[in-house]
Amino acid sequence: MLLLLIGVFLLFCILCFIIAVYVESSKAEYPPGIACHAKLRKLHRTLTVFSVLGNTLEKLGISSEIALLNFLRKLIPIKSEDDPKLITKNVKFEGVPVRVYQPRESSAKGRKAVMFFHGGGFVFGDIDVYDKLCRHISKEAGVVVVSVGYRLAPKHQYPAAFEDCLNATDHLLKNAQDYGVDPSSVIICGDSAGGNLTACVSQALVTRKDVPKLLAQVLIYPSVQKIDFNLPSYQQNQYVPLLFRERTLFYMLHYVAQGDLSISREVQNGSHVPPDLRKKFSKWLSADNIPDEFKLRGYKPHVMSSFDKNLYEKLKHVFEPSSSPLLAEDSVFRLLPKTYILTCEFDVLCNDGILYKKRLEDNGVSVTWHHVKDGFHGIFSFYDQWDCESGKLAVDSFVSFIRDA
């Protein structure tokens with residue numbers, strides 16, 4: 001009888017898990033014309049299974065969702081294969097682990113270098129996950145690539161990731177010749193959270209006199225503000241994989257607020273933004289700065305909720321340019337290097353990139369913009385898939401910019 005009860009209980013738990021996965025998966029929206037539809041759906045369903053499992057274990061007090069997913073990632077080793085065209089080495093720059101990719105072919109002069117900051121919402125991702133892409137960039141552009149293994153939240157809160165990326169970049173700029181690099185030809189590059197770190201590091205270096213100026217920055221569907229989560233792209237793409245709007249809040253709160261998800265709704269409604277800052281930032285964050293063509297799928301103007309002082313005190317770090325680089329002053333923007341920005345139509349972060357593009361152009365900075373009209377967040381993860389042409393074109397686009405910069 002006991003075994004029967006245990007069996008019934010286990011079946012009930014499995015059924016509940018399956019229902020939870022189904023409900024969560026069914027939230028996803030796949031707009032007409034989105035690229036790589038079948039592969040995107042399959043990947044999203046797989047990620048949903050692990051997310052629901054992690055969330056369940058977290059509620060039971062066994063493990064956190066982030067810890068589980070990172071643990072499972074480590075169980076699947078990503079082999080870094082020897083490449084006859086590259087020399088790779090794992091070293092540390094100012095205590096920060098990095099992987100350096102150097103073309104074997106000799107060069108008569110110093111090469112360009114790319115500091116690469118991976119994505120993953122500040123809580124996921126590592127050097128191994130991005131190994132294949134970094135090898136591709138190094139070989140196709142003929143550059144030295146330095147992939148940075150910065151510290152992750154929630155164990156390491158803001159500004160740990162920013163400080164690691166800044167310190168690693170500072171080290172390369174001061175020791176570029178040790179790696180066959182022209183110190184005046186360093187580019188920084190990152191996707192998503194890595195795009196945020198790219199913008200932040202670039203801004204932090206513009207007034208430095210002790211290091212060479214950056215040659216360029218490459219921002220791939222970057223997150224550049226943590227103020228307004230109701231811009232047109234956040235509303236229109238809130239349930240489009242691979243990044244739901246609720247997940248942007250999940251990542252943000254683990255990075256800057258110890259993972260306190262109880263305040264997600266208030267933050268989404270803007271209660272953390274003081275009235276004086278709402279007025280100051282309106283000229284940079286207004287949806288009026290977004291072209292009408294990006295408001296055609298159901299955008300509704302949003303008014304921020306009443307200000308909550310306690311919430312502001314908990315999240316005041318998000319207003320610092322080293323967290324939300326869109327909020328830096330014009331005097332900083334005017335000094336930034338030429339920039340490449342990639343955005344995707346079906347991405348909650350699309351408007352972040354467009355607003356950052358506008359601020360750069362308003363301040364006289366040269367911007368190369370590549371908009372993937374059928375793209376979604378994370379599309380270049382499919383760049384080597386024969387049936388996902390948009391992913392390949394996206395990667396080809398920013399690699400060409402790096403090669404020609």
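Readers should treat all values here as calculations from the given coordinates under stated rules, not as data from a laboratory. All figures in this text were calculated on a predicted structure; none of them were measured in a lab. All Cβ positions, even for glycine, are placed from backbone atoms using ideal geometry, and neighbour counts span all protein chains on display.
Table for the structure above
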| read-out | value |
| --- | --- |
| Residue of GLN157, GLN385, GLN236 that the Gaussian network model of the chain assigns the largest fluctuation, springs spanning Cα pairs under 10 Å | GLN385 |
| Correct option for Cα extents along the principal axes in Å [calculated from the coordinates] among (i) 79, 53, 40; (ii) 86, 44, 39; (iii) 105, 40, 36 | (i) |
| Sequence-separation-based contact order of the range 2-75, relative, with Cα cut under 8 Å and 6+ spacing, percent | 23 percent |
| 17 Å Cα-Cα reach of LYS27 towards aspartates and glutamates, excluding residues that sit fewer than 8 places from it in its own chain | GLU246, ASP347 |
| Order of MET252, MET115 under a 10 Å beta carbon neighbour criterion, fewest first | MET252, MET115 |
| Within a Gaussian network of the chain (alpha carbon springs, distance under 10 Å), most fluctuating of LEU72, LEU326, LEU15 | LEU15 |
| Distance-filtered residues of the range 33-51 - backbone nitrogen under 14 Å, label point 7 angstrom along GLU246 Cα→Cβ | 48-49, 51 |
| Dipole magnitude (debye, nearest 20) for the range 78-405, charges at Cβ of Lys, Arg, Asp, Glu | 500 debye |
| Phi-based couplings in Hz for the range 286-298 (Karplus 6.51, -1.76, 1.60; Gly and Pro marked x) | 5, 5, 5, 7, 9, x, 4, 4, 9, 10, 8, 10, x |
| Exposure proxy ranking, count of Cβ atoms within 10 Å, fewest first, for THR198, THR56 | THR56, THR198 |
| Over the chain, relative contact order from alpha-carbon pairs under 8 Å, at least 6 apart, % | 15 percent |
| Footprinting exposure proxy for ASP387, ASP228 (fewest neighbouring C-beta atoms within 10 Å first) | ASP387, ASP228 |
